[in-house]
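The values are calculated or read from the model by the stated rules, or taken from the named source; none is laboratory data. Not measured: the values here are computed from a predicted model. With ideal geometry, Cβ positions are generated from the backbone for all residues, glycine too; neighbour counts draw on all protein chains shown.
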RNA sequence: GGCGCAUUCGUCUAGCGGCCUAGGACGCAUCCCUCUCAAGGAUGAGACCACGGGUUCGAAUCCCGUAUGCGCUACCA
């Protein structure tokens with residue numbers, strides 16, 4: 001057995017979590033559970049300007065819905081609490097000051113740059129670098145002047161001017177950079193809050209994190225993190241940089257709000273199953289072998305291996321996600337489980353009450369039958385109400401053209417006669433034969449007895465009469481679900497419709 | 001612009017020097033099954049392994065260059 005891993009998901013509370021972000025959380029979770037280790041949640045709320053109320057709840061909801069549980073975190077605590085960075089400020093200041101005392105960092109009395117200044121410097125490394133090092137070798141007189149002016153300093157990291165730094169990484173070729181191209185990053189801001197560079201690193205060290213799994217957008221600043229570890233004299237955890245998720249084929253850039261749903265909650269509302277989303281997301285950039293497509297959470301935990309994460313960013317494909325979802329609905333979920341998942345959607349469409357959705361009680365049996373009617377054809381839970389709404393209406397309420405009942409039959413009269421025969425047949429069908437198989441067999445026999453050229457001539461009007469639409473679930477299954485009385489009623493109403 | 005990473009069917013991927021005339025999946029097409037729609041089964045089209053150079057008896061697999069894509073370039077994470 002490999003050593004137990006301790007991993008973390010450390011989002012900042014700036015809104016709902018992005019699906020690309022969540023995927024790294026899933027990878028982290030799987031790595032921890034694969035090694036029988038711990039997965040923790042830490043909130044990086046070090047930027048007060050970007051804080052969005054309700055973010056923590058959104059993050060927790062998303063993880064919970066996906067079945068990703070954490071062993072330590074805000075709310076539940078743990079041996080390394082607190083897990084909110086804003087509650088750990090003293091710690092960061094302490095290490096920043098230690099670095100200053102050791103000559104590895106320094107106070108910098110610069111003014112915060114405006115966005116325009118930053119933009120201008122962005123394409124001009126010389127200017128940027130020079131700006132970041134402005135106070136690196138400032139003399140005492142200059143410092144005193146700044147202090148007298150009341151400038152609140154930041155603490156900047158003193159990056160070595162020479163040499164190169166290499167970032168070890170297990171899925172990407174370890175990047176190597178010239179130290180001279182690295183700017184002296186801010187470690188501690190003038191408001192006493194740490195930057196990400198300091199905070200994540202201090203916490204990961206203190207919390208005994210073994211694997212830092214974060215998006216590839218962190219690759220460029222990773223050398224800085226290596227250098228800061230060295231300055232602090234700490235051993236580095238294993239860094240892993242999975243790629244970002246890209247927009248669907250045809251569109252550029254990383255997966256964006258403009259092009260796709262990017263929040264977990266949106267997929268929930270669209271009718272996706274959490275296990276299907278999880279399955280799809282993991283397979284987007286990771287594979288176990290050359291053939292397996294469907295993985296339960298347990299399978300994933302057993303088989304996950306960080307080293308098999310693809311280094312290349314993958315495009316998000318809604319089609320494959322839909323297929324995965326449909327597969328879970330059709331082949332993984334039991335009928336009752338499927339019905340339970342449909343409940344909120346049925347309530348949303350006012351087919352049942354929200355009380356019934358909460359607590360279906362006895363009604364669940366019936367709803368299981370109803371939903372079971374379309375379990376094999378539906379890809380999204382949200383499609384369900386529209387597919388079975390007729391089951392919640394009376395025969396008289398179905399609205400459709402009489403012509404639809406005819407199908408391949410010669411005439412309206414012929415179809416009407418068939419409906420009459422079927423109604424009569426169903427009325428006298430013995431109870432023990434009144435089930436899907438018995439009904440299907442009985443009606444087939446009836447079509448023979450009526451000397452019909454094929455069964456379709458009989459089943460077509462029956463099907464349409466039962467649900468008022470041309471594409472429908474299995475006719476016999478609908479009859480069983482309706483029950484004898486309602487089924488016969490539908491036959492008779494359809495017949496009247498044809499003769500009217 | 002600079003720095004970094006990446007590059008196998010339209011898309012997700014298998015492949016880690018000979019098993020590859022490149023395998024699987026989604027999507028697509030055709031057929032079978034069939035009372036419709038699905039589901040299921042079968043078959044097929046689809047990748048000169050980005051391009052150009054090397055290394056090697058032998059390269060999708062190793063090296064270099066080019067192109068392209070992506071990311072970063074804040075007192076944001």
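Brief remarks on what is shown
- One residue from A:440, A:423 being at pLDDT 95 or above, in a helix (DSSP H, G or I) and closer than 29 Å to residue A:333 by Cα: A:440
- Segment A:239-262 residues that are closer than 12 Å to residue A:317 by Cα, paired with ones that are assigned to a strand (DSSP E or B) (beta carbon under 6 Å, 6 or more apart): A:246/A:254; A:246/A:315; A:248/A:315; A:249/A:315; A:255/A:245
- Counting only helices (runs of 4 or more DSSP H) that fall entirely inside segment A:449-500 and contain at least 1 residues that are within 13 Å of RNA strand B (Cβ to nearest atom) and either over 23 Å from residue A:386 (Cβ atoms) or at pLDDT 95 or above (or both), the qualifying elements are A:455-467, A:475-482.
- A single member of A:177, A:226 is surrounded by fewer than 20 Cβ atoms within 10 Å (Cβ to Cβ), within 13 Å of RNA strand B (Cβ to nearest atom), modelled with pLDDT under 95 and closer than 30 Å to residue A:157 by Cα, and it is A:177.
- Residue count for segment A:107-149 satisfying the condition of being touching a helix residue (DSSP H, G or I) at 6+ places or on another chain (Cβ under 6 Å) and either under 20 Å from residue A:192 (Cα atoms) or assigned to a loop (DSSP other than H, G, I, E, B) (or both): 1.
- Check on residue A:209, more than 8 Å from RNA strand B (Cβ to nearest atom), closer than 16 Å to residue A:24 by Cβ and surrounded by fewer than 19 Cβ atoms within 10 Å (Cβ to Cβ): no
- Criterion (in contact (Cβ under 8 Å) with a residue 60 or more places away in the chain and within 11 Å of RNA strand B (Cβ to nearest atom)) met by exactly one of A:219, A:188: A:188
- Residue check, residue A:498 within 30 Å of residue A:365 (Cβ to Cβ) and surrounded by 18 or more Cβ atoms within 10 Å (Cβ to Cβ): no
- Scope segment A:118-129; condition surrounded by fewer than 13 Cβ atoms within 10 Å (Cβ to Cβ) and more than 6 Å from RNA strand B (Cβ to nearest atom); matching residues: A:119, A:124, A:126
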